Structure formats: C-alpha cells, structure tokens
1. Looking at segment 435-448, can you tell me whether even one residue there is in contact with a helix residue (DSSP H, G or I) (Cβ under 8 Å, 6 or more places away or on another chain), under 25 Å from residue 273 (Cβ atoms) and at pLDDT below 95?
2. For segment 85-104, indicate whether the set of residues that are out of contact with any strand residue (DSSP E or B) (no Cβ under 9 Å at 6 or more places or on another chain), under 18 Å from residue 190 (Cβ atoms), modelled with pLDDT under 90 and not in a loop (DSSP other than H, G, I, E, B) is non-empty.
3. When segment 188-200 is examined, which residues are found to be within 12 Å of residue 235 (Cα to Cα) and either modelled with pLDDT of 95 or more or assigned to a loop (DSSP other than H, G, I, E, B) (or both)?
4. So which of 346, 378 is out of contact with any helix residue (DSSP H, G or I) (no Cβ under 8 Å at 6 or more places or on another chain) and either exposed (fewer than 13 other Cβ atoms within 10 Å of the Cβ) or not assigned by TED's automatic domain parsing to the domain that holds residue 427 (or both)?
5. Among the residues of segment 440-466, how many are in contact (Cβ under 8 Å) with a residue 40 or more places away in the chain and either outside the structural domain of residue 408 (by TED's automatic domain parsing) or within 24 Å of residue 240 (Cβ to Cβ) (or both)?
6. Condition test on residue 54, is it outside any helix (DSSP H, G or I), in contact (Cβ under 8 Å) with a residue 24 or more places away in the chain and either over 27 Å from the mean Cα position of the chain (by Cα) or surrounded by fewer than 21 Cβ atoms within 10 Å (Cβ to Cβ) (or both)?
7. Would you check if there is a residue in segment 69-79 being in the same structural domain as residue 185 (by TED's automatic domain parsing), touching a strand residue (DSSP E or B) at 6+ places or on another chain (Cβ under 7 Å), surrounded by 21 or more Cβ atoms within 10 Å (Cβ to Cβ) and assigned to a loop (DSSP other than H, G, I, E, B)?
8. Answer yes or no as to whether residue 425 is buried (at least 17 other Cβ atoms within 10 Å of the Cβ), at pLDDT 90 or above, assigned by TED's automatic domain parsing to the domain that holds residue 465 and on the phi < 0 side of the Ramachandran plot.
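The values are calculated or read from the model by the stated rules, or taken from the named source; none is laboratory data. Note that this is a predicted model, so its numbers are computed, not measured. Please note: Cβ atoms are built from the backbone with ideal geometry, for glycine as well, and neighbour counts cover all protein chains shown.
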C-alpha cells in the first residue's frame, strides 16, 4: 500500500469525515483526496517522474502534510526536511537525496533561496500551482520515504523506507495499541518525524488528525479536552514539561486511549507520575529511523500487574518485541547471539527494517552485517521477553575496569525531585581511565555532593558520578534529544 492508500482507506469510511484539522480550518477526507490527485497532476506536469524525489520543508501544517499524499499519488518519494536544521545541513541533505522539487512553508522562504532547488512551490501559492487530477500505479514495495538519521554525530544518512516498511509499522500499531472507534490524534511533535508516520494508522481507521503548528503545552492540554483526543505522542522532555504545567490536573483527559512516548529514554519516576496524573494510557514504542517505531511495544495494559498495581519492574523496559519483528541480543565482539539476561547489541530482522542508506553501500553493509540490522543500542531480554535498553554502544563508560552504562546512572539521577533532566558521559581520568560525569539541568537548588550520595545509595559507588556539573540548559538536537557529544566537548573545553 502506498502512502496514498491510507488516505483512500480512510476516505472509504466516509469522504465527508474530518481528516486534517488546524485551528478553525478542517479538511475532510474528500478534500485531502481531491487535493492529492491535483498535487500528483501538477508534479507530473512539471516533469517529476515516478521515483522522483520531492521534499517538503515546513513546520506542522495541515496543507503541507496533505501534499505528502499527492507525492505518493504520483509514485514519487517523500523527503521530509526538518525546518529546524541549519540551511547548510538541509542543502546537503537535498543534494544527497537528489531532490528535484520542493514544497515549502512561506516562513522558510529565505532558507529556500539558498538551498539550490530549481523547482519549488510555496504553500501560499498551492491553489494556483495545482494541476489536473493525476496519479500512478499503487506500488507494492517501492521507496516511499527518504528520511535523515538523527545527525548527532555528523551529517545524517538518508534512510530508505519502503511502502512495505511503513505498512508493517502501521499493522503493528493497529494490532498492538488501543483503537476504539474513530481515533482523534493530536500532533504537537514534528510531522517530519515520529508524529508524522503515526498518522498513517489513524488515517487507515478514518480518524481525525489535529495539527498543532507550534509546540505549546498549555494549548496541547486545551486541545485534548476540546477535541476529545484519543491518541497522541510526545518525547519525554515534553512530557516532563506537561507534568510541570499548572493546568494538567484540572484538564479533562478522559478521552485518551493511548499516549505514546518514545524517541529517548524516559525517567521511570516521571513515568509512574504520568500513569497517575495523565492516566493509565501511557504507551511506549521503541524503534529507529531505520526500523520505524515498532521494534518493541509496551502498550498501556503492560504498565500494570494483573492486580491493577503499577508494574514498576517493567517501567524501565521498552516492552516486548513487536509481532512482525525478530529481536536478538548479539555479542558485539563475536557476533554470536547471547542468552536471556545477558547484555549485548540489540539486533533486528523483519520487514520493518529499511532497504538501506541511500547512495551509501558501505554504511548499509555495516548496519546489516550478518543478516541483522545493528541498532547500536546495548540491551538485554529478560526471562519474560521484555527488552531493556541500557545504553548506546558508543556511550558506555569503562571506569576502573568496570562497564558503566550512562542510561542507568541517568535513571538513578532522574529519581531525585530536583533533577529536571541530565546527561552522563565519561571523561578521561588518570586514575579510573574514565570518570563518570553528570551534567544536571536542575528544577530546584541542589548540591552536587547530595546528588552523588543519592545515586550511590541506589546503584553503588562504582556507577555513581565522580563529578557533577549544574547547567541552566542542556544542549539538544532539533528533535529534542540531548546532544551528549556536545556535552562532552564542552566539559573537555572546561
């Protein structure tokens, strides 16, 4: 099924039903369907062939997202471009992708002038640009998207996601999480990332997508209540802001069925708080750009024991491997799979895994060595089949001959009420080889020695930080991930 197929499926359940909502404007399924045919016709008129690359550069915008289905209708490849990237990075990405056409939001016109794309159209000029209705054959396993990797360690690579990859992700989403009636999905997080692909299962169910142009936690709460939102997604950093918002406890959240969290590790202490204050609707998903969203799943029910108590032993897990994915734990030195409970690199097989990196056979070969996709994450599977992620392979700290996983130290720090967020890295040390160093973004006054003692009492002195720094704000990527490389470089400069 092409991306346009999700729209057509939703339209088959009622063309007059609302599809995309932004502020006072509502586009029905019929509206979006008609628009997609005319976008496809315009692309064909302007020389974009099936398989051609078409970028969209926009913040969250209903019309811009509607154009995705016109790109798919033409049989072209959607290239979501992150508007928060620097111009030079976006120019390099568009060149890497061989992008030949760009649809953009007027707010990014100054950037577009420097990107070097000959054929462009601004969303404000969309109506004048649209062509006669057109389309192409529905591909079975063609390239659907080119997506940049996180880019925290240099220029992103272009991940090739096929229609089959996204169909697998959509099927597992619909099977693994609650969907009762027509869903109403609230998109605050960027539609260029996880929030965007989660729209496909919603559309396949004939659901309504409420688009937030700007991130605003207060407005987010108002929209959940007013629009009777059933599904939404936020990364942990925004959930922490939500938990700290004065309006949370007074907002009617009873319509929520599924509140996804993911894209970064979440504090188990904050998650337990969310289960009480937001409701028994929290739902984790774990994946990568290369294996989108559904490597493993922790639906709302799995956050609780059979007696209804919170399953605290499970909150640090990423759930069980998804039904159509095979997950293994591999010894990174020998390449052999290890037994339950043993730690190693998380590796993945199945139709969820990307076709490869665009024009980068060396990186593709390295990522798929031995017939497995190598995630670069260290983890283990417990006796019940739950997956626990303990660190990124590159972030492991070796101190005094012991392996210390930064994520475990961060979880311990996040249990302290004065810690809003944190990052743990290893710095060179003459005595220890590397010393465990934590940078704290505090929410209240706190002394470093108090925090060190707090962590020692929970995970022992070997893993406790030897050094703690207090920063007003941690550096983050444009999708909200803490940039540990930047943290480490700043500490080394200091």
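1. Going through segment 435-448, the residues in contact with a helix residue (DSSP H, G or I) (Cβ under 8 Å, 6 or more places away or on another chain) turn out to be 436-440.
When the remaining residues are screened for being under 25 Å from residue 273 (Cβ atoms), the result is 438-440.
With the extra rule that they be at pLDDT below 95, the set shrinks to none.
Looking through segment 435-448, none of the residues is in contact with a helix residue (DSSP H, G or I) (Cβ under 8 Å, 6 or more places away or on another chain), under 25 Å from residue 273 (Cβ atoms) and at pLDDT below 95.
2. Filtering segment 85-104 down to residues out of contact with any strand residue (DSSP E or B) (no Cβ under 9 Å at 6 or more places or on another chain) leaves 86-88, 91-92, 95.
Retained after the next criterion (residues that are under 18 Å from residue 190 (Cβ atoms)): 86-87.
This time we only want the ones that are modelled with pLDDT under 90, so: 86-87.
Next, from what is left, pick out any that are not in a loop (DSSP other than H, G, I, E, B): 87.
There is at least one residue in segment 85-104 that is out of contact with any strand residue (DSSP E or B) (no Cβ under 9 Å at 6 or more places or on another chain), under 18 Å from residue 190 (Cβ atoms), modelled with pLDDT under 90 and not in a loop (DSSP other than H, G, I, E, B).
3. The initial filter retains those residues of segment 188-200 that are within 12 Å of residue 235 (Cα to Cα), namely 188-190, 193-195.
Matches in segment 188-200: 188, 189, 190, 193.
4. On the way: 378 fails: out of contact with any helix residue (DSSP H, G or I) (no Cβ under 8 Å at 6 or more places or on another chain).
Among 346, 378, only 346 is out of contact with any helix residue (DSSP H, G or I) (no Cβ under 8 Å at 6 or more places or on another chain) and either exposed (fewer than 13 other Cβ atoms within 10 Å of the Cβ) or not assigned by TED's automatic domain parsing to the domain that holds residue 427 (or both).
5. Residues meeting the conditions: 8.
6. On the way: outside any helix (DSSP H, G or I): yes; in contact (Cβ under 8 Å) with a residue 24 or more places away in the chain: yes; either over 27 Å from the mean Cα position of the chain (by Cα) or surrounded by fewer than 21 Cβ atoms within 10 Å (Cβ to Cβ) (or both): no.
The answer is no for residue 54.
7. Applying the first criterion (in the same structural domain as residue 185 (by TED's automatic domain parsing)) to segment 69-79 yields 69-79.
Still in the list and also touching a strand residue (DSSP E or B) at 6+ places or on another chain (Cβ under 7 Å): 71-72, 76-79.
Going one step further and asking which of them are surrounded by 21 or more Cβ atoms within 10 Å (Cβ to Cβ), we end up with 71-72, 76-79.
In the following step, the residues that additionally are assigned to a loop (DSSP other than H, G, I, E, B) were identified as 76.
Yes, that holds for at least one residue.
8. Details: buried (at least 17 other Cβ atoms within 10 Å of the Cβ): yes; at pLDDT 90 or above: yes; assigned by TED's automatic domain parsing to the domain that holds residue 465: yes; on the phi < 0 side of the Ramachandran plot: yes.
Answer is yes for this residue.
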